[in-house]
1. When you scan segment 163-180, do you find a residue that is under 20 Å from the mean Cα position of the chain (by Cα) and modelled with pLDDT under 95, even just one?
2. Please state which of the following conditions residue 222 fails to meet, knowing it meets all the rest: (1) more than 22 Å from residue 315 (Cβ to Cβ); (2) modelled with pLDDT under 95; (3) in a strand (DSSP E or B).
3. Considering only segment 161-175, I want to know if a residue exists there that is touching a strand residue (DSSP E or B) at 6+ places or on another chain (Cβ under 6 Å), surrounded by fewer than 17 Cβ atoms within 10 Å (Cβ to Cβ) and part of a strand (DSSP E or B).
4. Considering only segment 282-306, state which residues are under 15 Å from residue 262 (Cα atoms) and either out of contact with any strand residue (DSSP E or B) (no Cβ under 8 Å at 6 or more places or on another chain) or in contact (Cβ under 8 Å) with a residue 24 or more places away in the chain (or both).
5. Which of the residues spanning segment 319-346 are closer than 26 Å to residue 282 by Cα and in a loop (DSSP other than H, G, I, E, B)?
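The values are calculated or read from the model by the stated rules, or taken from the named source; none is laboratory data. Small disclaimer: the values here were computed from a predicted structure and weren't measured. All Cβ positions, glycine included, derive from the backbone under ideal geometry; neighbour counts span all protein chains shown.
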């Protein structure tokens with residue numbers, strides 16, 4: 001017996017309701033922040049929680065009206081209690097920080113923050129931030145200050161790619177540097193300089209098989225003594241066990257996507273970003289950052305646009321909460337932030 005139109009509609013609504021991601025509350029800053037650091041941790045009862053810290057915004061005037069960027073020390077915890085998600089302030093970082101490398105600790109009981117920057121310049125300190133807001137500096141800081149880098153974690157290792165050493169840098173750092181969080185006393189181990197690492201705001205991540213991918217970002221050069229961005233489409237991956245490196249390209253240049261890339265099977269997901277099409281134009285006229293949700297197949301390097309995010313976003317943490325992607329605040333266009341923490345369910349066929 002054929003299904004009636006009403007029955008089909010009812011089943012579709014039920015399916016959508018069952019697969020829709022549960023909304024999360026905005027961060028406790030109505031302006032929103034870019035460049036926050038965040039991780040999904042395990043609470044003492046085994047529940048997943050989100051710890052987010054720092055960031056920057058323009059709380060008064062917009063930058064094109066002479067506004068000043070403000071950097072923050074706040075540490076926020078997002079936890080579900082009695083069936084309701086809520087943020088609360090749990091502590092303060094030792095110094096205002098944004099645009100740092102970050103990852104969960106291997107035991108998922110803390111957030112590691114490495115480098116970053118604030119109004120006084122770039123930073124080299126490495127901290128472990130716990131869910132109760134306690135901050136413990138590691139005795140192995142970065143070898144040089146580093147901000148606007150790409151970052152990812154594999155097993156117990158925190159990997160940082162590119163970035164700059166100071167605000168006025170006219171060339172990006174051309175190394176990838178690694179710290180084993182299980183043995184931080186061994187210090188950072190860095191590669192030789194490689195052109196593909198010399199980027200700011202690259203897209204980086206590793207899939208569940210240990211394939212490391214880095215893509216896009218911006219190379220830097222000098223223009224009358226100031227840094228000039230060159231948006232790139234380069235896509236490179238390195239397979240484990242010495243299987244070599246392969247070079248490819250994104251469909252378009254892209255930088256500052258919400259990341260690090262979130263792994264699901266042999267796919268890496270990134271959200272939004274800046275395609276550079278409006279770079280150098282008046283920021284007040286910028287139409288907004290990308291809304292694309294892209295999935296990169298690390299076996300074939302195929303890049304799919306699998307959906308559109310509900311709002312433009314860049315320079316935001318991208319996390320995996322259960323089977324969902326989550327962005328924490330971020331930039332919607334230059335100088336403009338969103339407080340939204342947005343959640344999207346990864347399709348079953350891509351997990």
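1. no
2. For residue 222, the failing item is (2).
3. No; the residues of segment 161-175 include none that is touching a strand residue (DSSP E or B) at 6+ places or on another chain (Cβ under 6 Å), surrounded by fewer than 17 Cβ atoms within 10 Å (Cβ to Cβ) and part of a strand (DSSP E or B).
4. 293, 294, 295, 296, 297, 298, 303, 306
5. The answer is 329, 330, 334, 335, 338, 339, 340.
Table: residues versus (1) crowded, with 21+ Cβ neighbours inside 10 Å; (2) in contact with a strand residue (DSSP E or B) (Cβ under 6 Å, 6 or more places away or on another chain); (3) in contact (Cβ under 8 Å) with a residue 12 or more places away in the chain.
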residue	(1), (2), (3)
190	no, yes, yes
204	yes, yes, yes
214	yes, yes, yes
225	no, no, yes
234	no, no, yes
241	no, no, no
252	no, no, yes
256	yes, yes, yes
260	yes, yes, yes
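For every residue, the table says whether it meets (1) over 23 Å from residue 120 (Cβ atoms); (2) within 22 Å of the chain's Cα centre (by Cα).
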position: 24; (1), (2): yes, yes
position: 33; (1), (2): no, yes
position: 39; (1), (2): yes, yes
position: 56; (1), (2): no, yes
position: 63; (1), (2): no, no
position: 66; (1), (2): no, no
position: 71; (1), (2): no, yes
